[in-house]
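The next block holds one structure in the form of structure tokens; read it before the comments.
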Amino acid sequence: MHEPIEGGCFCGRIRYRLKRRPMFVHCCHCTDCQRQVGSAFAINGLVEAENVELLQGEPVLVTLTTESGRPHDVYRCAGCQSPLWSDYGRRKWLSFLRLATLDRPSEFTPDVHIYTRSKLDWLPLPPGARAFEAYYNLKAEWPKESLERLEAARAKAKAKG
């Protein structure tokens with residue numbers, strides 16, 4: 001990604017700009033994601049929340065429950081209800097951006113396929129895809145630069161209190 005990419009909801013009420021490439025991209029096959037997006041999986045780009053700039057409109061927050069018990073805040077358009085990004089665990093500094101809402105979603109391919117234990121049987125994974133039955137060891141899978149960005153964002157959030 002050489003320049004920011006814009007995205008938005010189905011009806012056009014919400015527009016945003018992704019200012020920096022995601023640190024890592026998940027193709028999540030969990031049943032929660034399947035139900036939330038009404039599809040076989042969700043493509044989430046993990047990015048520092050400060051790198052998602054709202055240009056137009058104001059998303060509504062819908063809090064969902066998870067198996068872990070941690071809150072899952074989903075930001076949606078109030079009109080068309082398109083899910084735009086999530087905050088798992090209410091961290092506030094890390095967003096799981098729904099990459100299919102970008103104007104050019106093909107710019108990003110999944111780094112990993114997660115929760116494949118609940119992947120739909122008829123869906124083949126690409127040859128050579130890094131796939132995990134559940135989650136994975138972050139330090140083993142993420143590139144060094146992405147880990148550094150993640151730690152910097154975590155430290156910045158902690159310093160803000």
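The values are calculated or read from the model by the stated rules, or taken from the named source; none is laboratory data. Just so you know, these numbers come straight off a predicted model, no measurement behind them. Cβ atoms come from the backbone with ideal geometry, glycine included; neighbour counts cover every protein chain shown. SASA here: full protein model, heavy atoms, side chains in, ligands and nucleic acids out. Shrake-Rupley method; radii C 1.70, N 1.55, O 1.52, S 1.80 Å.
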*How many nm is it between the label spots at Arg104 and Lys160, if each spot is 7 Å from the Cα in line with the beta carbon?*
2.8 nm
*Could you let me know the centre-to-centre spacing of the stretch 74-117 and the stretch 18-50, using Cα atoms, in angstrom?*
4 Å
_Just want the answer: with Cβ charges of +1 for Lys and Arg and -1 for Asp and Glu, which residue in Gly38, Gly7, Cys27 is farthest toward the dipole's positive end in the stretch 1-66?_
Gly38
_Hz values of 3J(HN,Hα) by residue in the stretch 72-84 - Karplus curve (6.51, -1.76, 1.60), Gly and Pro given as x_ = 10, 8, 10, 9, 10, 6, 5, x, 9, 6, 4, x, 9
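At a 1.4 Å probe, what is the % contribution of carbon and sulfur to the accessible area of the stretch 68-161?
On the way: 2990 of 5500 Å².
In the stretch 68-161, the share of accessible area belonging to carbon and sulfur is 54 percent.
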*Hey, what number do you get for the chain at 222 nm if only DSSP H runs of n ≥ 4 count, each worth -39500 (n - 2.57), divided across all residues, to the nearest 500?*
-5000 deg cm²/dmol
*Starting from the eigenvalues of the Cα gyration tensor, five times each then square-rooted, give me the equivalent ellipsoid semi-axes of the stretch 65-115, largest first, whole Å.*
20, 17, 10
*Normalising by the residue count of the chain, find the relative contact order in percent from Cα pairs under 8 Å and 6+ residues apart.*
24 percent
*Glu148 to Arg91: extension gain in nm, 0.36 nm per residue of separation minus the Cα-Cα distance?*
18.8 nm
*How far apart, in nm, are two points set 7 Å out from the Cα along the Cα-to-Cβ line at Gln81 and at Leu138?*
3.2 nm
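Working from the pairwise distances between different alpha carbons, so that the mean of 1/r is found and then inverted, what is the stretch 4-161's Kirkwood radius in Å?
Working: mean 1/r = 0.0618 Å⁻¹.
Averaging 1/r across every pair of different Cα atoms and inverting gives 16.2 Å.
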_Normalised alpha carbon radius of gyration of the stretch 1-45 [divisor 2.2 N^0.38 Å]_ = 1.35
